[in-house]
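Enquirer: Supplied in structure tokens, the structure appears directly below.
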Amino acid sequence: MAEPWPRAGRGGPRRRRGRTLLAALSASVLLATGAGWLLAGHDGGFTTADVTGPHVADGATDILLVGSDSRVDARGNPLPREVLDALDAGSSDGENNTDTLMLVRIPDDPALGASAVSIPRDSWVDVPGFGTHKINSALARGAAAARPGLVRDGLTGAELERAANAAGSRLLVHTVEELTGASIDHYAQVNLAGFADITRALGGVPVCLRAPVHDSYSGADFAAGPQTVQGARALQFVRQRHGLPEGDLDRVRRQQAFLAGLTHRLLSAGTLADPGAVADLMQAVNGAVVLDQGWDLTSMLAHAAQLRGDRVTFRTVPTGRTDYRT
């Protein structure tokens, strides 16, 4: 786990090249697929929220990719009890912590390399207006603080949940900007059920484990070796941190590897050429993803395709002691 403003150590910067651009942008590939689907004239649409400020001309586009444990869908509707049970997700208790935080930086000059930085969820940082807390609590704190005012304004039900989530997302964006010095241009958030649905729509994601694992906390129970996971089992795979040698840092690496496998499946299995598969994928994405308003995904992906793959890096925020208890 990460210490406040930790020094580089055993868990310091780690780089992977070649497949990194695909891994870092896999969520954006899914979203751009949806943009094309909608532009083709089909019904539906992504849930959007006003969570980022104006674009800052600093030579790059910075994107914050977020995976949350929200018990409501992107439109603010509570997830059914049977869905939560199937995902081993516990009670619908109003919590909305962020288990995955990834900052992707795409330079304006395609000759330069893109980069992605994973921020461990237990990093102790300054949450503007709230003091020092784990970074994964910023979204929930912002949402909770905004909720009373939204209720006074007459918001209820799904509309209230969407507005509270937008307020929490704005605080999370501000927190990451203060921590990194980057100006966040775009934002994408996916929830538990949506993640599971996306993997089902793709027919599973290939993974490989060096050793078998069994974890009662996440429900992960996997044999060693190559295998394909989807739905609840895919969620268990990326959520496990108990029983791993470096805890949450190993979970971050597992998530990075999973994204690489997801992108490979998306791009190599003919998914994008199959109208039925695209329809299933969009049904999953549309109820699962929250985007910032005004994001031109098609243009962003066209630009990203020009980047040099051999200059792409992937890092995890440096940490000191890997056994640090919070």
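Enquirer: Hey, what's region 121-228 come to in accessible area per residue, 1.4 Å probe, Å²?
Expert: 43 Å²
Enquirer: How much net charge surrounds residue 190 when only the other residues with a Cβ under 12 Å from the Cβ of residue 190 are counted, with Lys and Arg +1 and Asp and Glu -1?
Expert: -4
Enquirer: What ranking do 172-183, 53-64, 145-156, 103-114 get when scored by the average of other Cβ atoms within 10 Å per residue, highest first?
Expert: Result, highest mean Cβ count within 10 Å first: 172-183, 103-114, 53-64, 145-156.
Enquirer: Just name one of 103, 133, 123: the one whose Cα is farthest towards the positive end of the charge dipole of region 99-157 (beta-carbon charges, Lys/Arg +1, Asp/Glu -1).
Expert: The Cα lying farthest towards the positive end belongs to 133.
Enquirer: Could you work out how much longer the chain between residue 133 and residue 274 gets when fully extended? Use 0.36 nm per residue separation minus the Cα distance between them, nm to one decimal.
Expert: The span from residue 133 to residue 274 would gain 46.2 nm if fully extended.
Enquirer: A further question follows. Take peptides 192-201, 238-247 and line them up by average Cβ neighbours within 10 Å, highest first, as a rough protection proxy.
Expert: So the order, starting with the most tightly packed, is 192-201, 238-247.
Enquirer: Net charge near residue 299: determine it from the other residues with C-beta under 14 Å of the C-beta of residue 299, scoring Lys and Arg +1 and Asp and Glu -1.
Expert: Spelling it out: positives minus negatives among the neighbours equals -3.
Enquirer: Which distance in nm do the two modelled labels at residue 108 and residue 299 give, with both placed 7 Å along the Cα-to-Cβ direction?
Expert: Distance between label points: 1.3 nm.
Enquirer: By how many nm would the segment from residue 221 to residue 156 grow when fully extended, if each residue of separation counts as 0.36 nm and the alpha-carbon distance is taken off?
Expert: Working it through step by step, the gained length comes to 19.4 nm.
Enquirer: So the label point goes 7 Å from the Cα of residue 210 along Cα→C-beta, right? Which residues of region 231-246 then have their backbone N under 16 Å from it?
Expert: 243-246
Enquirer: Rounded to the nearest percent, how much of the accessible area of region 184-223 (1.4 Å probe, protein heavy atoms only) is carbon and sulfur?
Expert: 54 percent
Enquirer: Could I have the simple spin-label model distance between residue 77 and residue 250, label points 7 Å from Cα toward Cβ, reported in nm to one decimal?
Expert: Going from the residue 77 label point to the residue 250 one covers 3.9 nm.
The values are calculated or read from the model by the stated rules, or taken from the named source; none is laboratory data. Owing to the predicted nature of the structure, the values given are computational and were not obtained by experimental measurement. Neighbour counts are summed over all protein chains in view; Cβ atoms, including those assigned to glycine, are modelled from backbone coordinates with ideal geometry. Protein only, heavy atoms only, side chains kept; ligands, DNA and RNA dropped before computing areas. Shrake-Rupley method; radii C 1.70, N 1.55, O 1.52, S 1.80 Å.
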